[in-house]
Amino acid sequence: MQNKMDETPALELTHCNCLAIRQAARRVSQFYDAHLAPLGLKSSQYSILSKLSRRGPMSINEIAEAMAMDRTTTSRAVQPLERDGLVKIEAAEDGRKRVINLTAAGRERAKEALAAWKKAQKEFELAYGSGAAKKLRTALRDVVKAIPEMGAD
């Protein structure tokens, strides 16, 4: 008797969009993380500091939405930033939600990290090509828009 698995065509992993995107995301994250490591930051944490620096105080939900992250992952990324005194979590003016504010140390670290991020950005674009990088960013933004969020936690 033949095994049912033998009847199914082999999954061609080289055609899997999810795998290709996750592999690329891991590689790029590792690349940027290596540039930010001397500052004690991961790329996800730098993204949060940068977002707060540009937009001002935000709730966890607002940060998560702006970064296409789930709330739990965002909370975990914020915890070491709070522990290190880079952000402060406070009650909003209306008292109904909590907002994350950059501290003076957080603003300073964000400025320092910007130089490391710019270096990583330049190296990435030299390796991949600046035109190709621009097209990639556009395509990935389109992916985020095209694929519906599957649920919040």
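Structure notes:
- Residues of segment 47-71 that are under 10 Å from the mean Cα position of the chain (by Cα) and open to solvent by less than 20 Å² (accessible area, probe 1.4 Å): Ile48, Ala64.
- Candidates Lys119, Lys134, Lys111, Lys97, filtered to the one that is within 19 Å of the chain's Cα centre (by Cα) and over 30 Å from Arg22 (Cβ atoms): Lys111
- Qualifying residue in segment 98-119 (condition: in a loop (DSSP other than H, G, I, E, B) and polar (S, T, N, Q)): yes
- Ala77 vs. criteria within 21 Å of Met150 (Cβ to Cβ), surrounded by 14 or more Cβ atoms within 10 Å (Cβ to Cβ) and aliphatic (A, V, I, L, M): yes
- So Ser43, is it in contact (Cβ under 8 Å) with a residue 12 or more places away in the chain and in contact with a Phe, Trp or Tyr (Cβ under 7 Å, 6 or more places away or on another chain): yes
- Test: Ala115 is at pLDDT 95 or above and either open to solvent by less than 70 Å² (accessible area, probe 1.4 Å) or among the aromatic types (Phe, Trp, Tyr) (or both): yes
- Glu82 open to solvent by less than 70 Å² (accessible area, probe 1.4 Å), modelled with pLDDT of 95 or more, in a helix (DSSP H, G or I) and not basic (Lys, Arg): no
- Of the residues screened, Ala37 is one that is at negative phi, in a helix (DSSP H, G or I), exposed (fewer than 14 other Cβ atoms within 10 Å of the Cβ) and without any contact (Cβ under 8 Å) to a residue 12 or more places away in the chain.
- Meets criteria (open to solvent by less than 60 Å² (accessible area, probe 1.4 Å) and under 20 Å from Ser29 (Cβ atoms)) for Ala139: yes
- Residue, nearest to Thr73 (Cα to Cα), within segment 40-57, restricted to residues that are assigned to a helix (DSSP H, G or I) and basic (Lys, Arg): Lys51
The values are calculated or read from the model by the stated rules, or taken from the named source; none is laboratory data. Not measured: the values here are computed from a predicted model. Methodologically, a virtual Cβ is constructed for each residue, glycine included, from the backbone with ideal geometry; neighbour enumeration extends over all protein chains shown. Protein only, heavy atoms only, side chains kept; ligands, DNA and RNA dropped before computing areas. Shrake-Rupley method; radii C 1.70, N 1.55, O 1.52, S 1.80 Å.
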